[in-house]
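This report refers to the structure that appears directly beneath it.
The values are calculated or read from the model by the stated rules, or taken from the named source; none is laboratory data. Values in this document were obtained by computation on a predicted structure and should not be read as measured data. Every residue, glycine as well, gets a Cβ built from its backbone with ideal geometry; the counts of neighbours run over all protein chains shown.
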Amino acid sequence: MKKIISMLFVVEGVIFSTTLYSKALFINVQVAFLSSFFVIVGASFAYKRMVCSKLSSEHYKEERDLLDEIEDPHELYEENSINETQAKELTLKEIVKEEKAKIKTFSFKSMKHGAKGTLSLFRIFPYIFLILGFIALKNNALLDLSFYLPSLLIGIIFGSLVSSNVVSKRSF
């Protein structure tokens with residue numbers, strides 16, 4: 001954590017040094033950096049909370065390996081049969097009915113689970129900050145995209161470093 005804070009002070013020091021060149025440059029770089037930094041870190045924290053809540057709930061179902069999914073996406077080579085009856089006794093209608101039951105359909109429960117991660121405050125506030133910062137720069141005639149866009153990249157890189165160090169700590 002000390003390493004992250006010291007890195008943040010170094011990056012902010014470099015950003016603050018842009019005031020020597022121009023105040024408009026400093027404002028563009030600062031707003032863009034903070035916007036992209038907050039978006040990346042907020043999305044990482046929201047994703048971590050969503051994964052932790054799914055793991056702690058009783059609805060977690062162990063899924064197949066990624067390699068198994070790639071090699072056999074339709075489970076054609078699985079050793080278990082479609083159901084407990086003999087293969088000769090099954091009719092085509094029964095096989096289709098069994099396979100349709102396995103398909104996951106779009107439901108309110110799945111929509112609620114997806115919306116829960118999307119509507120997290122960790123994700124909403126950074127995007128509001130990004131939009132309002134951009135609008136404020138544009139309305140005050142301070143927006144210079146030649147400085148703003150590269151500063152977004154700096155925030156993305158630093159946010160990725162912070163979120164990989166902080167979010168990846170095992171707290172499951």
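For the stretch 38-57, what are the residues that are small (Gly, Ala, Ser) and surrounded by fewer than 18 Cβ atoms within 10 Å (Cβ to Cβ)?
Ser53, Ser56, Ser57 - these are the residues of the stretch 38-57 that are small (Gly, Ala, Ser) and surrounded by fewer than 18 Cβ atoms within 10 Å (Cβ to Cβ).
Would a scan of the stretch 63-83 turn up a residue that is assigned to a helix (DSSP H, G or I) and either aromatic (Phe, Trp, Tyr) or modelled with pLDDT of 90 or more (or both)?
no
Answer with yes or no whether Lys109 is loosely packed, with under 13 Cβ neighbours inside 10 Å, under 23 Å from the mean Cα position of the chain (by Cα), modelled with pLDDT under 70 and part of a loop (DSSP other than H, G, I, E, B).
No; evaluated as a whole, the condition is false for this residue.
Just checking, how many residues over the stretch 13-42 are over 25 Å from the mean Cα position of the chain (by Cα) and assigned to a helix (DSSP H, G or I)?
Counting residues in the stretch 13-42 that are over 25 Å from the mean Cα position of the chain (by Cα) and assigned to a helix (DSSP H, G or I) gives 14.
Return the residues of the stretch 17-46 that are of a type in the set (Phe, Trp, Tyr) and in contact with a helix residue (DSSP H, G or I) (Cβ under 7 Å, 6 or more places away or on another chain); say none if nothing qualifies.
Phe26, Phe33, Phe37, Phe38, Phe45 - these are the residues of the stretch 17-46 that are of a type in the set (Phe, Trp, Tyr) and in contact with a helix residue (DSSP H, G or I) (Cβ under 7 Å, 6 or more places away or on another chain).
Among the residues of the stretch 23-62 satisfying the criterion of being modelled with pLDDT of 90 or more and polar (S, T, N, Q), which is nearest to Leu145 (Cα to Cα)?
Filtering first and then ranking leaves Asn28.
What tally of residues in the stretch 1-37 results from selecting those that are buried (at least 19 other Cβ atoms within 10 Å of the Cβ) and of a type in the set (D, E, K, R)?
0
In this structure, is Ser6 assigned to a helix (DSSP H, G or I), at negative phi and more than 25 Å from the chain's Cα centre (by Cα)?
Yes.
Write out, first by first residue and then by second, each pair whose Cβ atoms fall under 7 Å of each other, whose residues are 6+ apart or on separate chains, and whose first residue, in the stretch 1-19, is among the hydroxyl-bearing types (Ser, Thr, Tyr) while the second is at pLDDT 85 or above.
Thr18/Leu25; Thr18/Phe26; Thr18/Val29; Thr19/Phe26
Just give me the residues in the stretch 114-142 being assigned to a loop (DSSP other than H, G, I, E, B), hydrophobic (A, V, I, L, M, F, W, C) and at pLDDT 90 or above, in sequence order.
Those that are assigned to a loop (DSSP other than H, G, I, E, B), hydrophobic (A, V, I, L, M, F, W, C) and at pLDDT 90 or above: Ala141, Leu142.
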